[in-house]
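A quick write-up on the structure given underneath.
The values are calculated or read from the model by the stated rules, or taken from the named source; none is laboratory data. Keep in mind that this is a model prediction, so the values were computed, not measured. Here Cβ is always computed from backbone atoms with ideal geometry, including for glycine, and neighbour counts include all displayed protein chains. Please note that ligands, DNA and RNA were not included when accessible areas were found on the heavy atoms of the full protein model with its side chains. Shrake-Rupley method; radii C 1.70, N 1.55, O 1.52, S 1.80 Å.
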Amino acid sequence: MNTSFIGVLGFVLVAATAAAIFGVRWQAQEYQVQLQRELGLRGAQALAQTFNKAISREWDSLRAVAGRTAYAEVAEMQEFSNAVVQAGGQIAWAGFASPDGEIIAGSRGERVGQDVSQRNWFRSGFSGETVGTAFTKNEGTDEEVSLINLSMPVKDSFGNTQAVAVYSVRISWVAEYMAEAAQELDLSAMIRDRKGQTLVDTRPEAGTDLPARVEGMILAGRPDADRTRLHRSDAGHLYAVLPNFTLNSMPGFGWTLIVDVRADAFGTAFPQFVKNINLILASIGLAVLVLTMLLFTYLTRPFQRLIRAATALADGQMVYPREEQSTRESMLLSAVLAQLQTQIQSLRAKP
């Protein structure tokens, strides 16, 4: 009984513990995936909000400048252009173009007199607020600077366009701003423009290709899309794709935000959590095994003594069975053995 019971009990407990550990690990992995998805969704929304907050300040500044220069002289426009580029470094150049497309004021006096009538920022900005396409420019050094133009008309009180105001925003400022925000959230982020150019890439492996499924999700993004698409790669990365993530209060940028949430973003917390759960389950299984064995020993020990007493009686030895009271069965068996012993002894006493 001991061998069979301990063997069966050990097998059952080991199997049950292994099943519990497997189930907990599976549930933990599923929870990790759900947590990763939630982090990807919230991270994309947080980065989008961070970017919108930063870029909206530049739009507010451009609108304020345009509003204050509706009746300004060229000298005053020049003062505004010089002051804008000294505000924080995010604006590389600011200027004003006359209705016929000639630069009449520009930061540091640059490009004054240049004909920009065929430039997209002027043609589109003449009638309304517009965002241009990212481009590179050499600022007098060997290093090329990536820029994007924000432009809008300067209108008088009658709605007539008196000039076109333009800000050339540094893409590097956008990249640094997004990199800081992404680092705080322990994420990686990318921004693609409407032409598929990568404007910002904060990934450690910046420049590497995205999974084909993610590229397809980017291409499938519609201008009116308002849902974040999620994809988890085989390598444990989760990509959140948020098309057209800029605010409706600004002109459409046509940009797409891609957030990369790595499985190792959780650090050692999750593996340690799973390890602790496995240790707890194993400890519980071992404790149950030990306690059950002690209980079984406590219940079977009286029967072992009664078996020895019965064996002695069968061998003709006069022994007095110990009265057992641990269980009803042991009490009954000890009473029966005592009665048998009494009857055998009485029979021997007869002549």
Seminar exercise, completed: Flagged pairs (Cβ under 6 angstrom, 6 or more apart or on separate chains; first in the range 54-81, at pLDDT below 90; second assigned to a helix (DSSP H, G or I) and surrounded by fewer than 20 Cβ atoms within 10 Å (Cβ to Cβ)) are Ala54/Tyr177
For this session: Considering each residue of the range 83-121, count those that are of a type in the set (A, V, I, L, M, F, W, C), touching a Ser or Thr at 6+ places or on another chain (Cβ under 7 Å) and not in a strand (DSSP E or B), and give that number.
Result: 3
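Being among the small types (Gly, Ala, Ser) and in contact with a Lys or Arg (Cβ under 8 Å, 6 or more places away or on another chain) is the filter; apply it to the range 82-100 and report the residue that is most open to solvent (accessible area, probe 1.4 Å).
Pass one, the range 82-100, residues among the small types (Gly, Ala, Ser): 83, 87-89, 92, 94-95, 97-98.
Next cut, in contact with a Lys or Arg (Cβ under 8 Å, 6 or more places away or on another chain) only: 89, 92, 95.
Working: Gly89: 36, Ala92: 3, Gly95: 2 Å².
Going through the qualifying residues, I end up with Gly89.
Among the residues of the range 153-180, which ones are more than 22 Å from Met77 (Cβ to Cβ) and either in contact with a strand residue (DSSP E or B) (Cβ under 8 Å, 6 or more places away or on another chain) or without any contact (Cβ under 8 Å) to a residue 24 or more places away in the chain (or both)?
Applying the first criterion (more than 22 Å from Met77 (Cβ to Cβ)) to the range 153-180 yields 171-180.
Scanning the range 153-180 gives Ile171, Ser172, Val174, Ala175, Glu176, Met178, Ala179, Glu180.
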Exercise. On the given criteria, is Leu247 in a helix (DSSP H, G or I) and at pLDDT 70 or above?
Worked result: no
Exercise. Do we find a residue being open to solvent by 70 Å² or more (accessible area, probe 1.4 Å), modelled with pLDDT of 75 or more and not in a loop (DSSP other than H, G, I, E, B) anywhere in the range 262-275?
Worked result: yes
Exercise. For Val145, are the conditions met, namely being under 42 Å from the mean Cα position of the chain (by Cα) and not in a helix (DSSP H, G or I)?
Worked result: yes
Exercise. Any residue at all in the range 113-126 that is open to solvent by 40 Å² or more (accessible area, probe 1.4 Å) and closer than 30 Å to Glu205 by Cβ?
Worked result: no
